[in-house]
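Q: Quick one: the structure is below, and I'll ask about it shortly.
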Amino acid sequence: MGLREIKMERTRHLIADKAFELFTEHGFDRTTVEQIAAAAEVGPRTLYRYFPTKESLIISFVETHLSAAVQRLREQPDDVPLSEALYALIDSVIATIVSNEARVLAVYDMSTCTPSVNAQFSGIWDRWCDEISDEVARRGGSRSPDLTARLAASTACAVIDVSVREWVESGGKASMRTLTDRALELLRTGEVPFPAPAGRA
């Protein structure tokens, strides 16, 4: 990465950091792009070059770390059992939360309170789960996601989603690793009931 790229990345991080500070202090709707630009000591036009919408100031954080988690999955050697490869994905999400607790809590708070943020967050999440499904299918030798791949990916996404929601509801006080490991244990031991026709439960 050249000097120009390093400077641009620093500016991008500074803008995002100042945005989250203002969003946390004043709320998403009450914070203007002009206020964020002033706090980051850049012009509004410069801010828009990095973040085309106010929502993208929040969503870019989510996209960056979810993409990193999928990349962690893809980096697992093909001879690694799928269960271990998927845990590497989950572990990446846990590491992000542990390193960015305040920001993750802020993201969930703004997603809950702001429909435009929630809509984009939901879209990113759905695409992310599809990416996981595609990678699981590839590792299984299938050209397109089959039922097994989709179920495996959906299960991993559900474990993350439920664990993060439990963590958020605790105000960030619970251990994310404990929550995810407990969720996985419930699945492994069969304590989570699956729908079944009468007489086949």
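The values are calculated or read from the model by the stated rules, or taken from the named source; none is laboratory data. The structure presented is a predicted model; accordingly, all values stated were derived computationally and were not measured. Glycine gets a Cβ as well: all are built from the backbone with ideal geometry, and neighbour counts include every protein chain shown.
Q: It is to be established whether one or more residues within the stretch 81-98 are in contact (Cβ under 8 Å) with a residue 12 or more places away in the chain, surrounded by fewer than 17 Cβ atoms within 10 Å (Cβ to Cβ) and farther than 30 Å from A149 by Cα.
A: no
Q: Here are the criteria: (1) loosely packed, with under 13 Cβ neighbours inside 10 Å; (2) over 19 Å from L86 (Cβ atoms). Tell me which single one D109 does not satisfy.
A: (1)
Q: Looking at (1) outside the structural domain of P115 (by TED's automatic domain parsing); (2) touching a residue at least 40 places away in the same chain (Cβ under 8 Å); (3) surrounded by 15 or more Cβ atoms within 10 Å (Cβ to Cβ), which is the one condition that is false for T11?
A: (2)
Q: Criterion first (surrounded by fewer than 16 Cβ atoms within 10 Å (Cβ to Cβ), part of a helix (DSSP H, G or I) and out of contact with any helix residue (DSSP H, G or I) (no Cβ under 9 Å at 6 or more places or on another chain)) does D126 satisfy it? Full working, then the answer.
A: Working: surrounded by fewer than 16 Cβ atoms within 10 Å (Cβ to Cβ): yes; part of a helix (DSSP H, G or I): yes; out of contact with any helix residue (DSSP H, G or I) (no Cβ under 9 Å at 6 or more places or on another chain): yes.
Yes: the conditions hold for D126.
Q: If a residue must be free of Cβ contacts under 8 Å to residues at least 40 places away in the same chain and either small (G, A, S) or touching a helix residue (DSSP H, G or I) at 6+ places or on another chain (Cβ under 6 Å) (or both), how many such residues does the stretch 163-183 contain?
A: Final tally of qualifying residues: 7.
Q: Filter the stretch 134-154 for residues that are within 26 Å of N100 (Cβ to Cβ) and either buried (at least 16 other Cβ atoms within 10 Å of the Cβ) or touching a Lys or Arg at 6+ places or on another chain (Cβ under 8 Å) (or both) and give the result.
A: E135, A153
Yes/no per residue for (1) touching a Gly at 6+ places or on another chain (Cβ under 6 Å); (2) assigned to a helix (DSSP H, G or I); (3) within 15 Å of V93 (Cα to Cα):
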site: V136; (1), (2), (3): no, yes, no
site: A152; (1), (2), (3): no, yes, no
site: R165; (1), (2), (3): no, yes, yes
site: K173; (1), (2), (3): no, no, no
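Q: So which residues in the stretch 156-201 are on the phi < 0 side of the Ramachandran plot and in contact with a Leu (Cβ under 7 Å, 6 or more places away or on another chain), if there are any at all? Please lay out each step first, then the result.
A: Just the residues of the stretch 156-201 that are on the phi < 0 side of the Ramachandran plot, to begin with: 156-170, 173-189, 191-198, 200-201.
Hits for the stretch 156-201 are A156, V159, S163, E166, W167, V168, V192.
Q: Quick check on my filter: what residues within the stretch 26-55 are surrounded by fewer than 12 Cβ atoms within 10 Å (Cβ to Cβ) and under 26 Å from S122 (Cβ atoms)? It would help to see each step written out before you state the result.
A: Of the stretch 26-55, the ones surrounded by fewer than 12 Cβ atoms within 10 Å (Cβ to Cβ) are 30, 34, 41, 45, 52.
The answer is R30, P52.
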